[in-house]
Protein chains: 2
Amino acid sequence: MVVRMATMSDGDVDAIFHALADATRRDIVARVIEREQSVSSLAAAYAMSFAAVQKHVAVLERASLVVKQRRGREQIVHADPATLERARLLLERLETLWRHRAAAIDRVLAEDPET
Amino acid sequence: MVVRMATMSDGDVDAIFHALADATRRDIVARVIEREQSVSSLAAAYAMSFAAVQKHVAVLERASLVVKQRRGREQIVHADPATLERARLLLERLETLWRHRAAAIDRVLAEDPET
DNA sequence: ATAATATACAACCAAATGGTTGTGCGAATG
DNA sequence: CATTCGCACAACCATTTGGTTGTATATTAT
């Protein structure tokens, strides 16, 4: 199956990195990657109000890093690893840029040493 | 040469992702990767005040994504690709976690199908 | 039917963000 | 020396963030 990567708007990328810029949210992502779980089960893990955790999950959801799925009266939070990959690919692209630049510099230096 | 990766505090990671959560700042990183340049030469590229760009560079600097180096009256902004790599490695670790989980699920499913 | 549970959501607050303008100061140029 | 250039920094402002509490709603359990 081929999946076309939708072109990401700046806003999407902003949302992803912003969501990852908080230790609690990164921890939530790690937890739901290991095992999907309800919002309240997540909330139990942190020294803050339920509503605060709920908001963190909402931020992750807006960034498409997690998805919520209702099950009875619970809301189960799943990871969406595709979004993580998108973010990683962006960083990889920047690193590639760097390697190309470094290679270009090397070429120039090798070309005409001490002329 | 062996480089020991200093353990990153949550705050460091927060700073890196926060710095990347803005299109202007990501663009600045890309530009200085391609060619290091002065703050004012960067500022010329954006439709905002010099001070605003200066602040963006400061955010990137706090995150160690760029380094400034004085040259005469100019301040030359360089990329620090090591920090980019750190961020990428973090995302990779999360993705690895996911792959392990997926593998564990596969194992369970294969173990006892339809008992 | 009542109570308890899981979530949603609004209102509120302090602090941080992302922008502005203005002021000052060291370095280069005329 | 006077001026201009590149930058730093402070003050200010609107908006967003990350937390709180309180209220409402739907679902399960007694």
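The values are calculated or read from the model by the stated rules, or taken from the named source; none is laboratory data. Computed from a prediction, not measured in an experiment: that's the story for all the values here. Note that each Cβ is placed from the backbone with ideal geometry, even for glycine, and that neighbours are counted across all protein chains shown. In case anyone asks, the SASA skips ligands and DNA or RNA and just uses the protein heavy atoms, side chains included. Shrake-Rupley method; radii C 1.70, N 1.55, O 1.52, S 1.80 Å.
Okay, here's what the table says:
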{"item": "Accessible area buried at the B-A interface, both sides summed, 1.4 Å probe (Å², nearest 100)", "result": "2700"}
{"item": "Among B:104, B:79, B:21: highest mean-square fluctuation, GNM of chain B, C-alpha pairs under 10 Å", "result": "B:104"}
{"item": "Cut-off of 10 Å, at most 13 other beta carbons, DSSP loop: longest stretch of chain B lacking such trypsin sites (Lys or Arg not before Pro)", "result": "B:74-115"}
{"item": "Whole-number D in µm² s⁻¹ for the range B:10-111, Kirkwood Cα-pair radius fed into Stokes-Einstein, 10 °C, 1.306 mPa s", "result": "104"}
{"item": "Estimated FRET transfer efficiency when R0 is 41 angstrom, pair residue B:41-residue A:2 (beta carbons, to 0.05)", "result": "0.45"}
{"item": "Chain-alone versus full-assembly comparison, the range B:33-51, residues with accessible loss of at least 10 Å² (1.4 Å probe)", "result": "B:33, B:34, B:36"}
{"item": "Sulfur and carbon atoms: percent of accessible area, the protein assembly as shown [1.4 Å]", "result": "52"}
{"item": "Shielding score for B:66-78, defined as the mean number of other chain Cβ atoms within 10 Å", "result": "0"}
{"item": "C-alpha long axis of helix A:10-20 to longest principal axis of chain A, angle in °", "result": "70"}
{"item": "Computed over the range A:49-115: relative contact order in percent, which uses C-alpha pairs under 8 Å that are six or more apart", "result": "17"}
{"item": "Net dipole in debye of chain A [+1 Lys, Arg Cβ; -1 Asp, Glu Cβ; about Cα centre; nearest 20]", "result": "800"}
{"item": "Inter-probe distance in nm under a simple model that places probes 7 Å from Cα toward Cβ, at residue B:48 and residue B:31", "result": "1.2"}
{"item": "Residue with peak Gaussian network fluctuation, chain A [Cα springs, cutoff 10 Å], from A:84, A:94, A:42", "result": "A:94"}
{"item": "Test item: Cα-centred dipole of the protein assembly as shown, Lys/Arg +1 and Asp/Glu -1 on Cβ, debye", "result": "540"}
{"item": "Heavy-atom surface of the protein assembly as shown, accessible at 1.4 Å and reported per residue (Å²)", "result": "62"}
{"item": "Two-decimal log10 I(q)/I(0) for the protein assembly as shown, as the Debye equation yields it once each C-alpha is a single scatterer, q = 0.10, 0.13, 0.17, 0.18 Å⁻¹", "result": "-0.57, -0.88, -1.27, -1.36"}
{"item": "GNM top mover of A:78, A:100, A:18 - chain A, alpha-carbon springs below 10 Å", "result": "A:100"}
{"item": "For residue A:2, solvent-accessible area (1.4 Å; no DNA, RNA or ligand), Å²", "result": "140"}
{"item": "Principal-axis tilt of helix B:50-62 within chain B, Cα atoms, nearest 10 degrees", "result": "40"}
{"item": "Residue A:103-residue A:82 pseudo-label distance in nm [points 7 Å out on the Cα-to-Cβ vector]", "result": "3.1"}
